[in-house]
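The values are calculated or read from the model by the stated rules, or taken from the named source; none is laboratory data. It should be emphasised that the depicted structure is a prediction, and the values quoted were computed from it without experimental measurement. FYI the Cβ positions are ideal-geometry reconstructions off the backbone, even for glycines, and counts take in every protein chain you see. Please note that ligands, DNA and RNA were not included when accessible areas were found on the heavy atoms of the full protein model with its side chains. Shrake-Rupley method; radii C 1.70, N 1.55, O 1.52, S 1.80 Å.
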Amino acid sequence: MDDSVRSVLEKEELMGAYVSNVFRYLLLLFFFSQILANLHSGNMTANFIGVGIFALITVGHSILIRTNSKWAVNVFSYIALFSDFVLITGLLLYYSHASSPGNYGFFIKNPIVNFYLFPLASSLIQFRLRLVLLNVIMFFGVYYGILIYAAKTGQISFSGGWPEYIMGPHVLLGDALVGRPLVYLVLAGFLCFGILRTLIMIRRIGEGEAQRSLLSRYFSPGVVEEMMSNPDVLEGRRQTATILFTDIRNFTALSEHMDPLELSQFLSSIRETLTDCVFEFGGTLDKYIGDAVMATFGTPYPSADPASDAIRALQCGQRMLERLGEFNQKREAKGLEPVKIGIGIHTGEVFSGNIETSRRAEFTVIGDAVNTASRIESLTKNFGKELLVSEDTWKLAGANFRGETLPPVQVKGKEKPVTVVAVGA
């Protein structure tokens, strides 16, 4: 189970313990009203002893909840459950012997048997399936244990018809064996099923939200929605994509006087600025590499026309430079050195998909086109330009932008010289 889901369930269990405690106080009011309504037909001493013990357990439960100790609250829930069963069973046995000695039919037919539903309801409120199951086991253990004991010792008499059963001291065998306990069993079954379905639903929602949160770090909101409904898109494929690399110029000199906290805040702010631009134009954040950002356009959903992805990549690069200008205005107002970046863009064939190990999964693109985009970004230093694109990308998108074709240059890993275009020159 995901840690976030487990955390939610633990909080709900603690909240359930609090609500259950409030429920116990309401039961106290109910029991007192029952005592007052039966002043002349019950034993006040037995009733007040039972209610008094129930009240002490309830107050103790309140004190433990205030400590916020999860293990103590959980342990006390079991103690309260056992004590409630002991109290209910004790009252039933007392009134059975007091009202009809030697006849356990009074125990089976006594309305106080319905009080066994209260611990069951309390377990449901606490959202704990184990408590509900323990309720069921204890109820059937007590009920059938007393019924079998009474039958073996001859302390119960059975009738053959409903009128004698309802109006007289006898018990209808079928109803005692199946009818009465079946009502409890059906209700407990509904409660268990309700809790189980809710747990499954919370788990699915939690896992879905965790996945959505993870995807939103790499993909634009619209793409995330599509991927949630069609997760198969993460499977590997070969496709044409446009890759964008950006890197901070002179980052070492810029950061050498920063303390760790300041450096972390600086990187976070510049990354957020650049990533917002990627998402604005429907790109995918592939990864952060130190002070560099790698983004792709056309993944995981390639456009019908690769030119569309190339155009969006160039628009993204220009927007990055615009946003960086705004970013630098704030820095200069504080007396800080402006930040400069280089952007390289290339379009080509890549492998796009989910690369997994036993411990980690990552959606990424790999291939020669990725290396070429990285090399082009490095050329921005050589040419003193901010935004360079490959000849392949320019053929697809160049009609929409102004640019200057630069002399071919040899780059590492390429046999032929690479021709690049400085966009916006």
- Message: Here is a check on your reading of the model: is residue 261 open to solvent by less than 40 Å² (accessible area, probe 1.4 Å), under 33 Å from the mean Cα position of the chain (by Cα) and not basic (Lys, Arg)?
- Response: no
- Query: Can you find a residue in region 298-308 that is touching a strand residue (DSSP E or B) at 6+ places or on another chain (Cβ under 7 Å), part of a helix (DSSP H, G or I) and surrounded by 17 or more Cβ atoms within 10 Å (Cβ to Cβ)?
  - Reply: yes
- Output for region 378-394, where each listed residue is open to solvent by less than 60 Å² (accessible area, probe 1.4 Å), polar (S, T, N, Q) and over 23 Å from residue 308 (Cβ atoms): 378, 380
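Please report, ordered by residue number, the helices (runs of 4 or more DSSP H) entirely within region 109-191 with at least 1 residues that are modelled with pLDDT of 80 or more and buried (at least 16 other Cβ atoms within 10 Å of the Cβ).
Where helices (runs of 4 or more DSSP H) fall fully within region 109-191 and carry at least 1 residues being modelled with pLDDT of 80 or more and buried (at least 16 other Cβ atoms within 10 Å of the Cβ), they are 117-125, 129-152.
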- Run down 19, 75, 8, 86 and say which single residue is modelled with pLDDT of 85 or more and surrounded by fewer than 18 Cβ atoms within 10 Å (Cβ to Cβ). 86
- Message: Based on this model, can you work out whether residue 291 counts as buried (at least 21 other Cβ atoms within 10 Å of the Cβ) and of a type in the set (Asp, Glu)?
- Response: no
- Task: Among the residues of region 309-340, write down those that are within 21 Å of residue 396 (Cα to Cα), open to solvent by less than 40 Å² (accessible area, probe 1.4 Å) and within 36 Å of the chain's Cα centre (by Cα).
- Result: 309, 313, 316, 317, 320
- Between residues in region 158-173 that are free of Cβ contacts under 8 Å to residues at least 40 places away in the same chain and more than 13 Å from residue 103 (Cα to Cα) and residues that are small (Gly, Ala, Ser) and open to solvent by less than 80 Å² (accessible area, probe 1.4 Å), which pairs lie under 7 Å by C-beta distance while being six or more apart or on different chains? 159/168; 165/159; 172/159
- Task: Could you grab the pairs with beta carbons closer than 7 Å, sequence gap of 6+ or different chains, first residue in region 388-414 and within 12 Å of residue 369 (Cα to Cα) and acidic (Asp, Glu), second one at pLDDT 90 or above and buried (at least 17 other Cβ atoms within 10 Å of the Cβ)?
- Result: 392/346; 392/347; 392/348
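Yes/no matrix, rows are residues, columns are (1) touching a Gly at 6+ places or on another chain (Cβ under 8 Å); (2) within 30 Å of residue 140 (Cβ to Cβ); (3) at pLDDT 80 or above:
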site: 200; (1), (2), (3): no, yes, no
site: 220; (1), (2), (3): yes, no, no
site: 241; (1), (2), (3): yes, no, yes
site: 258; (1), (2), (3): no, no, yes
- Query: With respect to residue 65, is the statement that it is closer than 17 Å to residue 122 by Cα and modelled with pLDDT under 85 true?
  - Reply: yes
- Task: Quick one: in region 89-106, of everything that is aliphatic (A, V, I, L, M) and open to solvent by 20 Å² or more (accessible area, probe 1.4 Å), which residue is nearest to the chain's Cα centre (by Cα)?
- Result: 91
- For region 69-101, how many residues meet the condition of being closer than 18 Å to residue 139 by Cβ and of a type in the set (Gly, Ala, Ser)? 5
- Message: Among the residues of region 247-257, are any surrounded by 13 or more Cβ atoms within 10 Å (Cβ to Cβ) and within 19 Å of residue 371 (Cβ to Cβ)?
- Response: yes
- Task: Scan region 395-406 residue by residue and report those that are at pLDDT 90 or above, open to solvent by less than 100 Å² (accessible area, probe 1.4 Å) and in contact with a helix residue (DSSP H, G or I) (Cβ under 9 Å, 6 or more places away or on another chain).
- Result: 396, 397, 401, 403, 405, 406
- Quick one: what pairs do we get from region 97-124, first residue at negative phi and of a type in the set (Ser, Thr, Tyr), second surrounded by fewer than 18 Cβ atoms within 10 Å (Cβ to Cβ) and modelled with pLDDT under 80, C-beta under 7 Å, 6+ apart or different chains? 100/169
